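A.B. asks: Sharing a structure here in structure tokens format.
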């Protein structure tokens, strides 16, 4: 039986998708990830990355039509999406999708929100555009992983550019042909090298999210004017799969369209560090709590997990050079978790970098790749952790699914607490609580002006 080409099939489904066709759990997921992502952006508003990005946006200028979270600024749709997406990825707290190894909300939601604000759309239109963006980014990423990651690409930027374009195109109400053209124009802009993870912690990884959102907006706006793109960009010769994967599973783009919405398979991050490290952190917290251990009681920690989590850094520095470097070091993150009793945004700081107690414990962490876990990646992200104590005892835990995965979800109270802890970096608590209420009622709001005004803070 002949099958419609992947790009056209995906574009056709997404263009025809209506809010009324979305199952209730999908709508609730879109609200949850919107709130979480806004918290991530607001929490980063006082960072150096945010300051530089907003200074850049101001210098570039543009029509004052869309809001920048945590700032009074209004700027062009493309520039607002760029700034908000960049900020949303700064803290390493934005959502992830396990099977496709993708941060997705950071690029999709800012693009969807900027376009919705520009178009004067209602909340239902925004939520639908977000779901569309997640579907596009995650289905394309699922087709090219895990070789895409092993080749050195971040699907946040590559596949995320097409997710942002799909979300923006949905906000513009483009038809199937227009959305296919937007995907094609996004595909030729797709970019995102994983170089920052392997170095001392430069800011380049944050730029990837900003570029994806801004490029996606550009692709959709051009497509709306009749600018044509490669409408077999996913499957065509020298297209996305050809260029970005050695083991493309093209069926992942279209299998189960309309039956399974991948936004419901996306996870939240409770800890401000690389998601690959969350399973051993969960295990460490469980051991320390159940056995009544303090950091001073720990003689050594051993972690067995999938190979990418181990080879993610060369090296995993016990004495990191920057905050980002620290968040990308599993031994240092485990040391912070043990000493601080938490791993939120404030637990890894510039002051942490010089803490010799953290350096000492991190140096006593051993990492080992497990062949069975490596074979199960990316469908599973598990870890075994063994904690040896100074008095000769040893405790072990196996964590199949880290906190925040669909199989181990964060509670509504935990999600709200995370948002408030981040948003109050940029606004008073009363204003942050008003954002929570407004996002919860997104499907009932006629316009997004009040929400965007709250976000400007």
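The values are calculated or read from the model by the stated rules, or taken from the named source; none is laboratory data. Since we're looking at a predicted model, the values are computed, not measured. Cβ: placed from backbone, ideal geometry, glycine included. Neighbour counts: every protein chain shown.
A.B. asks: Quick one: would you say residue 336 is in a strand (DSSP E or B), at pLDDT 95 or above and surrounded by 24 or more Cβ atoms within 10 Å (Cβ to Cβ)?
C.D. replies: no
A.B. asks: Also, quick follow-up: Of 225, 237, which residue is surrounded by fewer than 18 Cβ atoms within 10 Å (Cβ to Cβ), under 26 Å from residue 68 (Cα atoms) and in the same structural domain as residue 145 (by TED's automatic domain parsing)?
C.D. replies: Step by step, each of 225, 237 is checked, and only 225 is surrounded by fewer than 18 Cβ atoms within 10 Å (Cβ to Cβ), under 26 Å from residue 68 (Cα atoms) and in the same structural domain as residue 145 (by TED's automatic domain parsing).
A.B. asks: Also: Would you check which residues across the range 325-334 are out of contact with any strand residue (DSSP E or B) (no Cβ under 7 Å at 6 or more places or on another chain) and either within 15 Å of residue 351 (Cβ to Cβ) or free of Cβ contacts under 8 Å to residues at least 40 places away in the same chain (or both) and list them? Before the answer, list the steps.
C.D. replies: As a first pass, look at the range 325-334 and keep what is out of contact with any strand residue (DSSP E or B) (no Cβ under 7 Å at 6 or more places or on another chain): 325-329, 332-333.
Residues satisfying the conditions are 325, 326, 327, 329, 332.
A.B. asks: Kindly evaluate residue 247 against the criterion of being assigned to a loop (DSSP other than H, G, I, E, B), at pLDDT 95 or above, in the same structural domain as residue 186 (by TED's automatic domain parsing) and within 21 Å of residue 148 (Cβ to Cβ).
C.D. replies: Considered against the rule, which asks whether it is assigned to a loop (DSSP other than H, G, I, E, B), at pLDDT 95 or above, in the same structural domain as residue 186 (by TED's automatic domain parsing) and within 21 Å of residue 148 (Cβ to Cβ), residue 247 comes out as no.
A.B. asks: While we're here: Condition first: crowded, with 22+ Cβ neighbours inside 10 Å, modelled with pLDDT of 95 or more, more than 29 Å from residue 266 (Cβ to Cβ) and in contact with a strand residue (DSSP E or B) (Cβ under 6 Å, 6 or more places away or on another chain). Can you find one or more residues in the range 342-359 that meet it?
C.D. replies: no
A.B. asks: Quick one: which helices (runs of 4 or more DSSP H) lie wholly within the range 102-166 and hold at least 3 residues that are modelled with pLDDT under 95 and under 15 Å from the mean Cα position of the chain (by Cα)?
C.D. replies: none
A.B. asks: Checking residue 37 against (1) surrounded by 20 or more Cβ atoms within 10 Å (Cβ to Cβ); (2) outside any helix (DSSP H, G or I): exactly one of these is not met. Which one?
C.D. replies: (2)
A.B. asks: Answer yes or no as to whether residue 177 is crowded, with 24+ Cβ neighbours inside 10 Å, in a helix (DSSP H, G or I), assigned by TED's automatic domain parsing to the domain that holds residue 17 and more than 18 Å from the chain's Cα centre (by Cα).
C.D. replies: In short, no.
A.B. asks: Same structure, new question: Could you grab me the full set of residues in the range 381-407 that are over 19 Å from residue 313 (Cβ atoms) and either assigned to a strand (DSSP E or B) or modelled with pLDDT under 95 (or both)?
C.D. replies: Across the range 381-407, the qualifying residues are 384, 386, 387, 388, 389, 394, 395, 396, 397, 398, 399.
A.B. asks: I would also like to ask the following. In the range 53-63, which residues are surrounded by 12 or more Cβ atoms within 10 Å (Cβ to Cβ) and either part of a loop (DSSP other than H, G, I, E, B) or touching a residue at least 60 places away in the same chain (Cβ under 8 Å) (or both)?
C.D. replies: Hits for the range 53-63 are 53, 62, 63.
A.B. asks: Go through the range 408-425 and give me each residue that's modelled with pLDDT of 95 or more, in a loop (DSSP other than H, G, I, E, B) and under 16 Å from residue 44 (Cα atoms).
C.D. replies: Once the filter is applied, which keeps residues that are modelled with pLDDT of 95 or more, in a loop (DSSP other than H, G, I, E, B) and under 16 Å from residue 44 (Cα atoms), the range 408-425 yields only 424.
A.B. asks: Related question: Select from the range 410-440 the residues that are out of contact with any helix residue (DSSP H, G or I) (no Cβ under 8 Å at 6 or more places or on another chain) and free of Cβ contacts under 8 Å to residues at least 60 places away in the same chain and write down the one among them that is surrounded by the most Cβ atoms within 10 Å (Cβ to Cβ).
C.D. replies: Here the residue is 417.
A.B. asks: Also, quick follow-up: Which of the following residues is under 22 Å from residue 130 (Cβ atoms) and touching a residue at least 40 places away in the same chain (Cβ under 8 Å): 443, 391?
C.D. replies: 443
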